[in-house]
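To start, the structure itself, in structure tokens.
Each value in this text was obtained by applying a stated rule to the coordinates, not by laboratory testing. Since this is a predicted model, take the numbers as computed values, not measurements. No Cβ is skipped: glycine too gets one built from the backbone with ideal geometry, and neighbour counts run over all protein chains shown.
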Number of protein chains: 2
Amino acid sequence: MAKIITIGREFGSGGREIGKRLSDKLGIAYYDNEIITEIAKRTKLAEGYVEHVMENSPSNLIPITIGRTFYMGVDPVMEQNNAIYREQSLLVKELADKSDCVIVGRSADYILREKHPLRLFIYADLESRMARCRKRAPEQEHFTDKELKRHILDVDKKRGKYYQFFTGQNWGERLNYDLCINTSNADIEEVVDAIAKLAK
Amino acid sequence: MAKIITIGREFGSGGREIGKRLSDKLGIAYYDNEIITEIAKRTKLAEGYVEHVMENSPSNLIPITIGRTFYMGVDPVMEQNNAIYREQSLLVKELADKSDCVIVGRSADYILREKHPLRLFIYADLESRMARCRKRAPEQEHFTDKELKRHILDVDKKRGKYYQFFTGQNWGERLNYDLCINTSNADIEEVVDAIAKLAK
């Protein structure tokens with residue numbers, strides 16, 4: 001049976017680290033930002049813009065037209081968003097067809113639902129997410145605690161809206177996942193070992 | 001380090017089965033209904049009444065006086081409930097002090113919070129919970145699907161209210177648990193193996 005693992009994650013919860021380690025441990029492919037790069041190529045939109053769309057709620061988007069012309073009567077922003085989501089769906093399906101893999105984010109749990117992937121959701125309390133952010137992104141060290149907290153909650157809110165907009169499901173709702181993992185006090189290595197056992 | 005595992009669970013999700021198998025696998029004690037029996041002994045209340053209190057929201061309770069006298073000015077129902085919760089707290093702590101163990105329900109995750117137990121929450125979609133109920137309790141076979149569904153949701157609602165009343169936390173809220181496990185499509189054996197790995 002194919003081993004497809006999808007990871008939804010709260011910002012700063014360590015979902016990406018778990019995904020990376022899991023793919024190493026299981027010897028399978030890992031996809032995260034590679035997906036954005038590829039969608040940008042296919043849609044001929046700038047990579048930064050694709051990322052912006054995928055990390056924002058659809059209603060917050062600003063139209064940026066790159067390599068495209070628009071006709072009257074069509075909402076260019078929604079057209080672009082839909083194009084991005086369409087490519088995202090196709091690409092995620094292609095990747096899952098190609099080989100066993102771990103896919104972080106990108107609504108992959110929903111896109112691949114017919115393949116019954118192992119769907120993980122990684123979360124943690126705000127304190128440990130702030131600590132993780134401080135550790136991994138020193139460029140944000142000018143953020144006060146209050147600003148960092150606001151930033152974390154803001155990213156989550158946008159991820160949730162994007163996910164809900166395109167899937168009709170609530171992001172982070174436990175029934176959409178097979179396993180929800182709290183990394184607040186967890187030993188990531190042990191968590192990865194346990195999931196690997198479950199995925200085998 | 002002590003191995004204490006607490007299990008919160010939606011009705012019909014297989015939490016008890018996971019708990020029992022986990023205790024067998026790890027070779028540690030298992031407590032579930034034993035706790036009710038012991039509390040009944042200690043409070044001199046009937047076992048059925050203790051169970052009724054612990055599976056109901058505090059406001060729904062009917063006063064039943066057994067082996068107790070009440071003074072004017074004291075709400076006898078609340079007094080009994082508090083006595084039960086007090087004994088529940090003491091007993092759960094005693095059990096956890098005595099040896100490694102798995103404790104199902106009884107707000108043990110909250111009562112033992114200072115011991116940092118591995119806190120599991122077991123859940124599943126309604127369909128598979130109905131199927132599990134039908135399988136394990138043939139005496140309920142006169143229930144129509146609609147009645148069974150109502151019964152399941154009713155038990156959960158009461159568990160949630162009891163938990164919230166005494167802990168001030170929301171039952172089932174992911175941040176109160178280390179791991180939330182969806183048993184809808186899970187192989188219980190594999191799940192138990194993975195948790196055992198995490199608990200070791």
- prompt: Identify, please: which residue in region B:153-193 is aliphatic (A, V, I, L, M) and under 20 Å from A:Asn176 (Cα atoms) and is, among those, farthest from the other protein chains (Cβ to nearest Cβ)?
  reply: B:Leu153
query: What number of residues in region A:172-185 are without any contact (Cβ under 8 Å) to a residue 40 or more places away in the chain and either touching a His at 6+ places or on another chain (Cβ under 9 Å) or of a type outside the set (Asp, Glu) (or both)?
result: 1
query: Hey, any hits in region B:111-128 for a residue that's at positive phi and part of a loop (DSSP other than H, G, I, E, B)?
result: yes
- line: Only one of (1) touching a strand residue (DSSP E or B) at 6+ places or on another chain (Cβ under 7 Å); (2) facing chain A (nearest Cβ under 9 Å) does not apply to B:Ala108, and that is (2)
query: What about A:Phe143, is it over 29 Å from A:Leu26 (Cα atoms), of a type in the set (A, V, I, L, M, F, W, C) and surrounded by 18 or more Cβ atoms within 10 Å (Cβ to Cβ)?
result: no
- prompt: Given the conditions (1) closer than 28 Å to B:Val192 by Cβ; (2) of a type in the set (A, V, I, L, M, F, W, C); (3) buried (at least 22 other Cβ atoms within 10 Å of the Cβ), which single one is not true for A:Val92?
  reply: (1)
query: In region B:129-149, what residues are in a helix (DSSP H, G or I) and over 19 Å from the mean Cα position of the chain (by Cα)?
result: B:Ala131, B:Arg134, B:Lys135, B:Pro138, B:Glu139, B:Gln140, B:Asp145, B:Lys146, B:Glu147, B:Leu148, B:Lys149
statement: Over region B:153-170, the set of residues farther than 18 Å from B:His52 by Cβ and in contact (Cβ under 8 Å) with a residue 60 or more places away in the chain is B:Thr167
message: Among the numbered criteria (1) under 19 Å from the mean Cα position of the chain (by Cα); (2) outside any helix (DSSP H, G or I), which one does B:Asn185 miss?
response: (1)
message: Consider region B:21-42. How many of its residues are in contact (Cβ under 8 Å) with a residue 24 or more places away in the chain and farther than 16 Å from B:Glu94 by Cα?
response: 5
message: With farther than 30 Å from B:Glu189 by Cα and assigned to a helix (DSSP H, G or I) as the only criterion, which of A:Asp193, A:Asp156 stands out?
response: A:Asp156
A:Ile4 being under 15 Å from A:Ala196 (Cα atoms), surrounded by 18 or more Cβ atoms within 10 Å (Cβ to Cβ) and in contact with a strand residue (DSSP E or B) (Cβ under 9 Å, 6 or more places away or on another chain): yes
